[in-house]
1. Would segment B:369-380 turn up any residue that is assigned by TED's automatic domain parsing to the domain that holds B:S309 and either in contact with a Phe, Trp or Tyr (Cβ under 9 Å, 6 or more places away or on another chain) or under 20 Å from B:Y340 (Cα atoms) (or both)?
2. Considering only segment A:73-97, how many residues are exposed (fewer than 15 other Cβ atoms within 10 Å of the Cβ) and at the interface with chain B (Cβ under 7 Å from one of its Cβ atoms)?
3. May I ask you to list the residues in segment A:33-51 that are open to solvent by 30 Å² or more (accessible area, probe 1.4 Å) and within 9 Å of ligand 1 (Cβ to nearest atom)?
4. So is A:G75 at pLDDT 95 or above and not in a strand (DSSP E or B) or not?
5. Being within 14 Å of chain A (Cβ to nearest Cβ), under 25 Å from B:R5 (Cβ atoms), open to solvent by less than 10 Å² (accessible area, probe 1.4 Å) and touching a residue at least 12 places away in the same chain (Cβ under 8 Å) narrows it down to one residue among B:V339, B:V329; which is it?
6. Would you check if there is a residue in segment B:178-185 being exposed (fewer than 15 other Cβ atoms within 10 Å of the Cβ) and outside any loop (DSSP other than H, G, I, E, B)?
7. Which residues, taken from segment A:52-68, are surrounded by 16 or more Cβ atoms within 10 Å (Cβ to Cβ), assigned to a loop (DSSP other than H, G, I, E, B) and within 12 Å of ligand 1 (Cβ to nearest atom)?
8. What pairs can you find where one residue is in segment B:253-275 and open to solvent by 20 Å² or more (accessible area, probe 1.4 Å), the other is of a type in the set (D, E), and their Cβ atoms are less than 8 Å apart, with a gap of 6+ or different chains?
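The values are calculated or read from the model by the stated rules, or taken from the named source; none is laboratory data. Because the structure is a prediction, the values reported are computed rather than measured. Note that each Cβ is placed from the backbone with ideal geometry, even for glycine, and that neighbours are counted across all protein chains shown. We work out accessible area using only protein heavy atoms, side chains counted, and drop any ligands, DNA or RNA first. Shrake-Rupley method; radii C 1.70, N 1.55, O 1.52, S 1.80 Å.
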Amino acid sequence: MFLSASANTGRGESPVSKPLIHASSIVKVFDELKVLNKASFTLNEGEFVAVTGKSGVGKSTLLGILGTLDPAFTGELTINGVSTPKASSMELAELRREFMGFIFQDFHLLPNLSALDNILLPAVFSGTDSLEVRKDAAAILSRLDLRNDNTPTRFLSRGERQRVASARALVNNPKVLLADEPTASLDEDSEENLFDLLDALRKERGFAIIAVLHSKRILSRADRILELKGGVLHEKHA
Amino acid sequence: MKNTRKAISLWNRGHWKDYVFSQGMLLVASLLLVFFISIGLGVGNILERFLSSDLPEEQVRITPQGVQAGFFQTERGGTEITADVMDSLTALPQVERIDPQVYAHVPAYLRGLLGGRNYYTDITLEGVSTAFVPDSMLEYIDWNYTLSDSAEKPLPIILSENLLILYNAGFAESNGLMGLTPEGVIGLEVQVNVGSSSIASLQAPPINLRAEIVGTSRSMALFALAVPIEFVEEVNNLYLPDDKHTYSALMVTALEAEDVPAIVRYAESMGLAAETRRGIAQKAEVLVGVVTAALGALAAAILFSAVASAIHTLVADLKNRSYALGVLVALGTKRERLVYIFAFQIFFMSLISTVFGGLLGCALSFLVSSTLLNLLPVLKYAVESLAVFPVGWLASGLGLVLAVSTISAWFFFRKILSTPVTELLRR
Ligand SMILES: Nc1ncnc2c1ncn2[C@@H]1O[C@H](COP(=O)(O)OP(=O)(O)OP(=O)(O)O)[C@@H](O)[C@H]1O
Ligand SMILES: [Mg+2]
């Protein structure tokens, strides 16, 4: 019992917990371009890992692979104990829905839907929409200083849209948050606000974060910083 | 279910107008399908009705080539059917009997009080034997009549059904009278005047006769009245004693139905026209076939392009949404669930379009039918309506349109969903 340092796993697993995500020797090639060259990566429970690297080096590509959106790679990838190259599309969909939250670099919101509807969309389509989910969504929206009205997101400012994207990723109560430059369009205050919220939710719910980040101030909050260079990840010390 | 409704409503927000064109095309396709089937079959019915014959299978009706029944006298042309011709036909081994028909070469008219109004029409009397009269009719009528009978009994007459149609469309229509049915005229008493008509009269004084309509027939010239043959021969002798005796037609009965072609060949070799049930049926079949094929090809072409463009736009609509689909899949929506939801939506929308289009098609063919019948009242007495609604055919046609569009949309939808998510997310 005294070993139960990491709360919120809710599964009574050993504290020397198995990694949430484990990737090894990932190779990703676009036509002639080898973006990832035997990259390896591990994300443990509750961890906040930041990924940096020059533009075009392959950070988004890496996140796409880790998020099971891109199956076209070689190497090993295990997520929540599931070896993804062998998993069915049903299993992968379930992983993305139940286990992961995404903040995409391009947000990927549906422009005709309001912030709340965008956030609820995955739950509605999975048949898990409930009053509880709605309350949670409304709370997160207000924590991120977003209006909860019917304005379609195509009318929102870029920064507002980015925050809606963050809210959507959080509402499903993921175990892993994959965030691709989640503060790229935010001012410093909003940036701090988002990560304050993430920290608070992390304490409350205990999820891990892998985020592509550039901002020095936010990088300092990370447990580990990895730099993607030459197709592999290098550990950097804050 | 509630979630499915909500999902469909979220998915389509701001996109309902995308469906207007594809569903509109589907509606038009269904409308055309119903219209073509309904009117096409109706036209087929009319043709068959006009071309059908009540000639028995083993009979051949032989007439002079190109001879038409005029108003008061036959116009003669080509070989005439003389006694010699009749004798040579009688001599054929395949012939069982011959019943001649004779035109009265005498002007005549018919007058009657129909619907309280005086109806008058010039006619040609055609003398026929009992062979022409259906057995069912012979049971209750007496097909024997000479001028000496005129005091005791009415002249039995058989009306051409076409004359009835003409009466209905012309006189009845313009005087606001009820139309007459073939059954309804039986028993009507009219007057037949022999020896004069509206445009001709002869030296000898005309005779006025009481007449009774005993039946109707489809195999008669338009303005002909069939009357007992002895009566016509008597009238011809009375008014035109010097005229050469010829027949207007011969009803030749073959021993067997198989003998009919031989008789036809013989008659044709003599320069006469021969009509058989099969010949008429074949003519009708060819005509109906040609009309049906032409209409069918046209209908198929129009229908095909309507369905094709409906599917094309349906697919284009889906392609336009591939980004949104990518978002849903990226966020962990099962593809199976998406397929289920959208197949349901497309099916449901298309169902509404096809049913509604089908109903509009029914309404349109009904409208076209009643307009045509009003413009061409002749048709009104041949058929009740030009539009027929064979429910089974219509339902399966609409079902096919529905299935083809839904299945192809479903197929393309699955194809979009099998694209890698990263591709779909690339706008
Ligand atoms: N589908 C593709 N086909 C070909 N090349 C691609 C494709 N997707 C990405 N690339 C290339 O792979 C490289 C890595 O792209 P990626 O988006 O992962 O970079 P990134 O590190 O996220 O850059 P940024 O910081 O600008 O977002 C780039 O050079 C890009 O041009
Ligand atoms: Mg990127």
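1. Of the residues in segment B:369-380, the ones assigned by TED's automatic domain parsing to the domain that holds B:S309 are B:369-380.
Of the ones still in play, those that are also either in contact with a Phe, Trp or Tyr (Cβ under 9 Å, 6 or more places away or on another chain) or under 20 Å from B:Y340 (Cα atoms) (or both) are none.
No, segment B:369-380 contains no residue that is assigned by TED's automatic domain parsing to the domain that holds B:S309 and either in contact with a Phe, Trp or Tyr (Cβ under 9 Å, 6 or more places away or on another chain) or under 20 Å from B:Y340 (Cα atoms) (or both).
2. 1
3. If we filter segment A:33-51 for residues that are open to solvent by 30 Å² or more (accessible area, probe 1.4 Å), which is where we start, we get A:33-34, A:37-38, A:40, A:42, A:44-46.
A:L33 - this is the single residue of segment A:33-51 that is open to solvent by 30 Å² or more (accessible area, probe 1.4 Å) and within 9 Å of ligand 1 (Cβ to nearest atom).
4. Numbers: at pLDDT 95 or above: yes; not in a strand (DSSP E or B): no.
Answer is no for this residue.
5. Working: B:V339 fails: open to solvent by less than 10 Å² (accessible area, probe 1.4 Å).
B:V329 is the lone residue from the list that is within 14 Å of chain A (Cβ to nearest Cβ), under 25 Å from B:R5 (Cβ atoms), open to solvent by less than 10 Å² (accessible area, probe 1.4 Å) and touching a residue at least 12 places away in the same chain (Cβ under 8 Å).
6. Looking only at segment B:178-185, we keep the residues that are exposed (fewer than 15 other Cβ atoms within 10 Å of the Cβ), and these are B:178, B:181, B:183-184.
With outside any loop (DSSP other than H, G, I, E, B) added as a condition, the list becomes B:183-184.
Scanning segment B:178-185 turns up at least one residue that is exposed (fewer than 15 other Cβ atoms within 10 Å of the Cβ) and outside any loop (DSSP other than H, G, I, E, B).
7. The first filter runs over segment A:52-68 and keeps only residues surrounded by 16 or more Cβ atoms within 10 Å (Cβ to Cβ), leaving A:52-53, A:57-68.
Filter once more, so that each one left must be assigned to a loop (DSSP other than H, G, I, E, B): A:53, A:57-58, A:67-68.
A:G53, A:V57, A:G58 - these are the residues of segment A:52-68 that are surrounded by 16 or more Cβ atoms within 10 Å (Cβ to Cβ), assigned to a loop (DSSP other than H, G, I, E, B) and within 12 Å of ligand 1 (Cβ to nearest atom).
8. Sorted first by the residue in segment B:253-275, then by its partner, the pairs are B:L255/B:E58; B:L255/B:E96; B:E256/B:E58; B:A257/B:E57; B:A257/B:E58; B:D259/B:E58; B:A274/B:E268.
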